[in-house]
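J.: I have a structure here, written as structure tokens, and I will follow up with some questions on it.
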Amino acid sequence: MEKKFRLGLDIGIASVGWAIVSEDENIIDAGVRLFPEGGSSVTSAERRVKRASRRLLRRRHHRIERLRKLLFENKIIETLDYDFYINEITPYELRVKGLTEKLTNRELAIALL
């Protein structure tokens, strides 16, 4: 006669619990397997700092993309892929200039981006 069993697993981060249960729900065997701590040289704090840095860069890039799209939709810039960083004047100088004078569309885009 063939016996039927069920295997129950409780999988955690640092352990796996298991139990073998018979067809009539009697526990035949059970146990836990604990895993040793990982030997990683990178601590959780270091991982958290790197993850935060990646998120910050991704958000900054996304913010610039949205601003470029907004400027393009409002016809302030001609193309989405224009490189504003090849200039003889810095964005900070343009911001100061914008306090007293009207900026051109290109200068406004440079100051904002």
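The values are calculated or read from the model by the stated rules, or taken from the named source; none is laboratory data. Computed from a prediction, not measured in an experiment: that's the story for all the values here. Ideal geometry is used to build each Cβ from the backbone, glycine not excepted, and the neighbour counts take in all protein chains shown. Only protein heavy atoms, including side chains, enter the accessible area calculation; ligands, DNA and RNA are left aside. Shrake-Rupley method; radii C 1.70, N 1.55, O 1.52, S 1.80 Å.
J.: If eta is 1.567 mPa s and T is 4 °C, what Stokes-Einstein diffusion coefficient results for segment 1-63, Kirkwood Rh from Cα pairs, in µm²/s?
T.: 82 µm²/s
J.: Next up: Per residue, what accessible area does the chain have, given a 1.4 Å probe and all protein chains present, in Å²?
T.: 88 Å²
J.: Further question on the same structure: Place a +1 charge on the Cβ of each Lys and Arg in segment 1-72 and a -1 charge on the Cβ of each Asp and Glu, then give the dipole magnitude about the Cα centre in debye, rounded to the nearest 20.
T.: 1540 debye
J.: Give me the net charge for the shell around ARG6: Cβ to Cβ below 13 angstrom, other residues only, Lys and Arg +1, Asp and Glu -1.
T.: Spelling it out: positives minus negatives among the neighbours equals -2.
J.: Hey, another quick one. Could you tell me the calculated FRET efficiency between ALA14 and LEU56, based on Cβ-Cβ distance and R0 = 35 angstrom, to the nearest 0.05?
T.: The value I calculate is 0.70.
J.: Round to the nearest 10 and give me the degree value, 0 to 90, for the angle of helix 91-100's Cα axis relative to the longest principal axis of the chain.
T.: Between the helix axis and the principal axis of the chain, the angle is about 50 degrees.
J.: Moving to a separate point now. Whole Å is fine, so just give me how far the alpha carbon centre of segment 86-103 lies from that of segment 1-53.
T.: 61 Å
J.: By the scheme Lys and Arg +1, Asp and Glu -1, what is the net charge of all other residues having a beta-carbon under 14 Å from that of ASN74?
T.: Local net charge: +3.
J.: Put +1 on the Cβ of every Lys and Arg and -1 on every Asp and Glu Cβ in segment 16-56; which of VAL16, LEU34, SER44 then has its Cα farthest towards the positive end of the dipole?
T.: Among VAL16, LEU34, SER44, the one farthest towards the positive end of the dipole of segment 16-56 is SER44.
J.: Still on this structure: Quick one: 3J(HN,Hα) in Hz for segment 58-69, Karplus 6.51/-1.76/1.60 with θ = phi - 60°, rounded, Gly and Pro as x.
T.: Each residue of segment 58-69 in turn: 5, 5, 4, 4, 5, 4, 5, 4, 5, 5, 4, 5 Hz.
J.: Sticking with this one: With a 1.4 Å probe and all protein chains left in place, how much of the accessible area of the chain comes from carbon and sulfur atoms, in whole percent?
T.: That share works out to 57 percent.
J.: Just to be sure I understand the curve: with the Debye formula and one point per C-alpha of the chain, what is log10 I(q)/I(0) at q = 0.15, 0.16 Å⁻¹?
T.: Cα-only, vacuum Debye calculation for the chain: -0.84, -0.89.
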